[in-house]
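Scroll down for the structure; my scribbles are underneath it.
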Amino acid sequence: MRRTRAIILLIVLSALASAVVGAGNWQSLKDDGLHDPSNPAIGVLQEPGAALSVLAPDGAGNKVDWVQSLQQGLIAPRPSLDGDKEPEIRETRVVMKNTYPMLYVTFPHKPHTQWMSCEACHDRIFVPQVDANPINMGKILEGEYCGLCHGAVSFPLTECNRCHNTNPASLGGESVVTGEGAQ
Ligand code: HEC
Ligand code: HEC
Ligand code: HEC
C-alpha cells in the first residue's frame with residue numbers, strides 16, 4: 001500500500017517537474033549559440049519566449065503543443081505556400097501493431113491534415129494503404145517514415161508515449177483503420 005502510494009507520488013512529482021521545466025524554458029537569442037550576441041540587430045528580433053509562451057504549453061521539444069494551439073485557435077497556419085488552397089481533412093486513424101513490447105501506435109490523420117496536404121506524405125513517404133510500408137523504430141530513429149518530421153520539426157522521438165498510446169488489450173492482429181471515413 002505504502003509502496004503503491006510512493007510510486008503514485010513519484011509519477012505525480014515527475015509530471016509536475018516536467019510541467020515546471022516546460023514553462024518558460026526558452027533560451028534567449030543571445031545565448032542560443034546560433035545568433036551573434038554582438039550584432040546590434042539582435043535587439044530587433046522577437047525572443048522565442050515572448051512568441052511561444054502565449055501558446056498551449058508542452059513539456060518537450062520547443063515546449064509548445066502545436067496541435068492544441070491550432071485547435072484552440074491560437075494560431076492559424078496558412079494551408080498552402082500561396083495560401084489559396086483549403087486543406088483536405090481526413091478523420092481516419094491507423095492503429096499499427098508491430099510495436100512489441102511497447103503499446104500500439106495510433107497514427108491520426110486529422111491533426112496531420114490540419115497542418116499539411118496529402119502530398120506531404122503520399123506517396124513519397126507512405127503508400128496510402130494499411131501495412132503497405134515496412135516501418136520500424138530503427139528506420140524512424142534514422143530519420144525515415146515518421147522520423148522524417150518527428151525529431152526534426154515535430155515533437156521529438158523521446159516522447160515515446162505520444163505515438164505508442166494504444167492499449168494492445170483492446171485489439172490484435174493486423175493494422176486497423178478507425179474513425180469517420182474508414183472503409
Ligand atoms: C513519431 C512516433 C513514434 C515515436 C515518438 C516513437 N515510436 Fe516507436 N514506433 C513507431 C511506429 C510507427 C512503429 C512501427 C509500428 C508498426 O509498423 O506496426 C514503432 C515501433 C516500435 C517498436 C517495435 C519494434 C521495432 O523495432 O519497430 C518499438 C520497440 C518501439 N517503437 C519503441 C519506441 C521507444 C522506446 C520510443 C521512445 C524512445 C518510441 N518507440 C518512440 C512510432 C513511434
Ligand atoms: C503525415 C503524413 C500523412 C498525411 C499528411 C496523410 N497521410 Fe494518409 N497515411 C499516412 C500513414 C502513416 C498511413 C498508414 C500507412 C500504413 O499503415 O503503412 C496512411 C494511410 C492512408 C490510407 C489508408 C488507410 C485509411 O485511412 O483509409 C489512405 C486512404 C490515406 N492515407 C489517404 C490520405 C489522404 C486522402 C490524405 C490527405 C487528406 C492523407 N492520407 C494525408 C500518413 C499520412
Ligand atoms: C511530414 C511530416 C510528418 C510525418 C511524416 C509524421 N508526422 Fe506526426 N506530426 C507532424 C506534425 C507537423 C504534427 C503537429 C505538430 C507537433 O505535434 O509537433 C504531428 C503530430 C503528431 C501527433 C500528435 C497528435 C495530437 O493530437 O497531438 C502524433 C501522435 C503523430 N504526429 C504521430 C505520427 C506517426 C505515428 C507518424 C508515422 C507513422 C507520423 N506522425 C508521421 C508531422 C509529421
Computed on Cα atoms, the radius of gyration and Dmax of segment 84-145 in angstrom are 12.8, 45
Counting only DSSP loop positions in segment 72-165, the trypsin sites (Lys or Arg not before Pro) whose Cβ has at most 13 other Cβ atoms within 10 Å are LYS85, ARG124
As straight-line cross-link partners of LYS110, the qualifying aspartates and glutamates (C-alpha separation under 16 Å, not fewer than 8 residues apart within one chain) are ASP65, GLU86, GLU88, GLU91, GLU119, GLU180
Ranked on Cβ counts within 10 Å of their own Cβ, fewest leading, ASP84, ASP123 go ASP84, ASP123
Between SER117 and LYS30, the two model label points (7 Å from Cα along the beta-carbon direction) sit apart by a distance in nm of 4.4 nm
The alpha-carbon center of segment 27-66 and that of segment 115-164 are separated, in whole Å, by 27 Å
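List GLU86, GLU91 from most exposed to least, where exposure is judged by having the fewest other Cβ atoms within 10 Å.
GLU86, GLU91
Read the figures in this text as sums done on the coordinates, not as results from a lab. Here the structure is a predicted model, which means the values were calculated and not measured. Note that we place each Cβ from the backbone using ideal geometry, even for glycine, and neighbour counts take in every protein chain shown.
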